[in-house]
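Everything below concerns the one structure shown next.
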Amino acid sequence: MTHVTGGCHCGAVRFEAEGDFSTGLECNCSHCDKKGFVLAFLPRPDFKLTKGEGAFTTYHFNRGAIDHNFCKTCGTQAFGIGSGPDSKEMAAINLRCVDGLDRSKITIHPVNGKDF
Ligand SMILES: [Zn+2]
């Protein structure tokens, strides 16, 4: 398990997370593709918002199952909250928003979200 910190571009929204960040998911669905996400999913308790309650707003689409939270000031979406297939709450971290993470060293797995 690795402990990481991260946040949006302007610094209004900050988080801490525990997990394995050696791999990332790149989904080709209409939303992920436009935003260019590299994502890591973790159990909600392993994600902590350390700054920015009230500083972000939420985008919903499709079934509205995921809270896509983006900073009201800079527009960066550092994380989302949703529930997995077993209805357990999950956090999705945008690995592009993790401090000092060298994405050239992580394994990227493509996800075919477009066809779901
Ligand atoms: Zn921001």
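Among the residues of segment 1-23, what is the count of those that are of a type in the set (Asp, Glu) and either under 21 Å from Cys74 (Cα atoms) or within 16 Å of the ligand (Cβ to nearest atom) (or both)?
Here the count works out to 1.
Restricting to segment 95-116, name every residue that is open to solvent by 80 Å² or more (accessible area, probe 1.4 Å), closer than 24 Å to Gly75 by Cβ and part of a helix (DSSP H, G or I).
Arg96, Arg103, Lys114
Does Glu26 satisfy the criteria of being more than 14 Å from the ligand (Cβ to nearest atom) and open to solvent by 30 Å² or more (accessible area, probe 1.4 Å)?
yes
Could you tell me how many of the residues in segment 36-83 are within 16 Å of the ligand (Cβ to nearest atom), over 14 Å from Val98 (Cα atoms), polar (S, T, N, Q) and exposed (fewer than 15 other Cβ atoms within 10 Å of the Cβ)?
Counting residues in segment 36-83 that are within 16 Å of the ligand (Cβ to nearest atom), over 14 Å from Val98 (Cα atoms), polar (S, T, N, Q) and exposed (fewer than 15 other Cβ atoms within 10 Å of the Cβ) gives 2.
Residue by residue through segment 32-55, note down the ones that are part of a strand (DSSP E or B) and under 14 Å from Ala92 (Cβ atoms).
Result: Leu39, Ala40, Phe41, Leu42, Pro43, Phe47, Leu49.
Name, by its number, the condition in (1) away from the ligand (no atom under 16 Å from the Cβ); (2) more than 16 Å from Val111 (Cβ to Cβ); (3) buried (at least 18 other Cβ atoms within 10 Å of the Cβ) that does not hold for Cys32.
(2)
Is it the case, given these coordinates, that Ala92 is open to solvent by less than 30 Å² (accessible area, probe 1.4 Å), away from the ligand (no atom under 16 Å from the Cβ) and either assigned to a loop (DSSP other than H, G, I, E, B) or touching a helix residue (DSSP H, G or I) at 6+ places or on another chain (Cβ under 9 Å) (or both)? Step through it out loud before you land on a result.
Values: open to solvent by less than 30 Å² (accessible area, probe 1.4 Å): yes; away from the ligand (no atom under 16 Å from the Cβ): yes; either assigned to a loop (DSSP other than H, G, I, E, B) or touching a helix residue (DSSP H, G or I) at 6+ places or on another chain (Cβ under 9 Å) (or both): no.
So Ala92 fails the test.
The values are calculated or read from the model by the stated rules, or taken from the named source; none is laboratory data. Since the structure is predicted, the reported quantities are computational estimates derived from the model, not experimental observations. Backbone-built Cβ (ideal geometry, glycine too); neighbour counts: all protein chains shown. Just the protein is used for accessible areas: all its heavy atoms, side chains included, with ligands, DNA and RNA removed. Shrake-Rupley method; radii C 1.70, N 1.55, O 1.52, S 1.80 Å.
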